[in-house]
Amino acid sequence: MPIQPVAPDLNEPAEDRRRRANYRLGVRLACVAVVFAAFGFAMAPLYDVFCRLTGLNGRTNAVAAAVTPRYAVDEHRWIKVEFMSHTMPGVPIELEPERFSMEIHPGALIRANYVAHNRGDRTFVGQAVPSITPATATRYVQKIQCFCFSQQTFGPGERRTLPVVFVISPKMDADLRTVTLSYTFFAAPQPGT
């Protein structure tokens with residue numbers, strides 16, 4: 001037997017029906033707001049896990065490789081590596097690569113340097129976040145040493161050379177001839193904020 005919808009009580013005052021309908025609508029909207037807020041809080045960690053698993057968005061290893069990869073150097077092939085840097089607004093650090101690009105052989109252990117300068121008059125604690133483009137190259141770039149692995153503390157006016165030691169696997173597709181390593185400097189979150 002099909003369920004019959006309940007007809008509204010026509011003897012009930014219109015104001016009471018409207019009040020009850022508004023209450024049900026308010027409860028539904030509050031539930032939607034709670035679901036979207038929970039989704040918003042869960043999105044950042046889920047996205048980070050997704051990027052680490054797939055290599056999308058240029059995410060690379062966040063800690064040093066436990067063992068230095070040993071590859072045979074492919075001396076018949078060259079890859080251009082470009083270096084970029086950015087700082088977030090309000091960050092007093094000026095970050096620049098010593099060289100903006102270099103030609104390397106896949107499999108060779110490479111050291112590149114960035115120079116950081118605290119232009120502020122206070123001690124600054126920050127963290128660099130790496131990115132690699134194109135994203136398909138991410139799985140072939142293995143960082144051995146990187147200033148991005150930990151927070152950096154700079155005294156007022158301090159200038160420092162920050163090394164990046166990496167290797168690009170010879171297994172990287174031959175079509176990929178240019179890889180860009182980019183670092184964005186952020187203020188590190190302070191305890192209690």
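Every read-out reported here was derived from the displayed coordinates using simple, explicitly stated rules and does not represent laboratory data. Since we're looking at a predicted model, the values are computed, not measured. Here Cβ is always computed from backbone atoms with ideal geometry, including for glycine, and neighbour counts include all displayed protein chains.
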Dimensions (Å) - segment 119-193, Cα atoms, principal axes, largest first: 47, 27, 18
Theoretical gain in end-to-end length, Arg17 to Val73 [0.36 nm per residue, Cα-Cα removed]: 12.3 nm
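Looking at segment 59-187 from every direction and averaging, what is the projected area of its Cα convex hull in nm²?
Directional mean of the projected Cα hull area for segment 59-187 stands at 7.4 nm².
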Potential lengthening between Val125 and His105 on full extension [0.36 nm per residue; Cα-Cα distance subtracted]: 3.7 nm
For Asp175, Asp74, order by how many other beta-carbon atoms lie within 10 Å, fewest first: Asp175, Asp74
For Tyr71, Tyr23, Tyr140, Tyr183, order by how many other beta-carbon atoms lie within 10 Å, fewest first: Tyr23, Tyr71, Tyr140, Tyr183
